[in-house]
Structures are given as C-alpha cells and as structure tokens.
Amino acid sequence: MRVYGITNVKGGAGKTHATVHLAYEAQQQGQRVAVLDLDPTRQSVNWVEVAGLGIPALHLDIKQSDLEAYVAQLRADGDFDSVFIDTPANDRDATLETLMVSDIAIIPVGVGTSDTGMLGTTERQVRRAQQLRPDLKPFILINRAKFAPARERETEAECLKTGIPVLRARVPLRGDYQAAAGKTPHGYHYGEVWREVNA
Ligand SMILES: Nc1ncnc2c1ncn2[C@@H]1O[C@H](COP(=O)(O)OP(=O)(O)OP(=O)(O)O)[C@@H](O)[C@H]1O
Ligand SMILES: [Mg+2]
C-alpha cells in the first residue's frame, strides 16, 4: 500500500482537487483506492460521495484519533493499493502527521495566488518528517498554470528554492477544474501527475 499525502499549509492551493483527481486516476488504473480526509470541512469526502465515484472516503479528526495507528492498520489489512490523504489549511499538526505516514507527498502550489508565501512553513514540515522518514518522497505540483507565464516563472523559481522536486506535469487554470467539485474528474493533467510521481 502506498500513501499519498496532499499537503500545503496555505489554503486554496488545490489540495482537495489533487486528492480527488489522483484517487480517481488510480482507480481508473484498476487500483483499490481510499481517501482519508483530515479537513473538518470534509470536501474530499463530499466530492467523492456526490460524484458517486465508488471510492471509500472517510473523514478522520486527528485530534480524536491516531492517524499513525489508523494508517498502520490499513497497511496491515492490505485492502488498498493507494490511500490519498487530504489535509486542512493552516494546520501544521495535520500537515506534519500526514507527512509522517506518507510515502509520497504532493504539495500543490497555485500560480498568482500567493501560495508561495507559506511554502517555507510547508517545507519545514517536510524536512522535519524526512528526518524521521528519509524515504518520504515530496513533490511540488504547480497548479493554475499556463495562464500567466511571468507569474508562473516566479512561482516556479520560489518552488525550486525549497529544494523539493517540482513536477514537470502541471495543472492549468481552467474553468472546468474550477467547477469540478462534486463531479467525475476528467482531463489528462492529473494522469500525467500520477505517472510522474510514481515513475
Ligand atoms: N487548476 C485549477 N483551475 C481553476 N480553478 C482551480 C484549479 N485548481 C483548483 N481550483 C479552484 O481553487 C479553489 C481551491 O481548490 P481546492 O479546494 O482544491 O484547494 P484546497 O487546497 O483543498 O483548499 P483548502 O485549503 O481550503 O482545503 C477551488 O475553488 C477550486 O475550484
Ligand atoms: Mg481542501
């Protein structure tokens, strides 16, 4: 079982979009997939349920439950190939706890939305987690791309400064992504992301 933690302390970066699209992508590849939603707003759970994707999705309140034990049990049960964890904004504990149980971390960063402003905070959590889990593979995913080239270059430069690998695959700013919540995912961009993070 592989665990994908989708984190960025900054709100609105595209965590929930990445979580649901990547889970759907994995399911389309024939994998047994689950979503764990740590966000009290439960947007991933709602999306998966409203769209009827047939992906088990559960909200977990990490203040009440032990994420590490929960994921260890999932690994022991062996019922899933890939588990995607969506995390809340502005919650360093949830971010760090997620990174501590993840094999792959995906950090969406939006172009032109000052998402890089808090990148240092997320980066520090990644480095903390890596001290204890050197195998953790983090990636930055540039979101809302292909719209404002100059700002995209600035965003990319800020991302590269962290030393965290930046995925070549990017998700463009598009109205259909903006309106995607609650719908069956489509489009190939997250397919490219999926292939790259698993290469
Ligand atoms: N590629 C995109 N193109 C256009 N709009 C997008 C794109 N990705 C995300 N959005 C929009 O940006 C907003 C934030 O996306 P999302 O909810 O996935 O971010 P988040 O990081 O989960 O936010 P939060 O921190 O509040 O949980 C949503 O309204 C979504 O529709
Ligand atoms: Mg979200």
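Bear in mind that the values in this text are calculations on the coordinates, not laboratory data. Worth saying up front: this structure is predicted, and the values here are computed from it rather than measured. Don't worry about glycine lacking a Cβ; one is built from the backbone with ideal geometry, like all the others, and counts go over all protein chains shown.
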Of GLN178, GLN28, GLN64, the one that fluctuates the most in a GNM where the chain has Cα springs shorter than 10 Å: GLN64
Test of understanding: what is the full-extension gain from GLN131 to LEU58, defined as 0.36 nm times their sequence separation minus their Cα-Cα distance? 23.4 nm
Extension gain, LYS161 back to ASP93 (0.36 nm per residue minus Cα-Cα distance, nm): 22.1 nm
Treating only the Cβ atoms of Lys and Arg (+1) and Asp and Glu (-1) as charged, compute the dipole magnitude of the chain about its Cα centre; round to the nearest 20 debye. 600
Given the C-alpha centroids of the stretch 55-114 and the stretch 145-171, what is the distance between them in whole angstrom? 24
The chain: C-alpha gyration tensor shape, a/c 1.5 cut-off, then a/b vs b/c: oblate
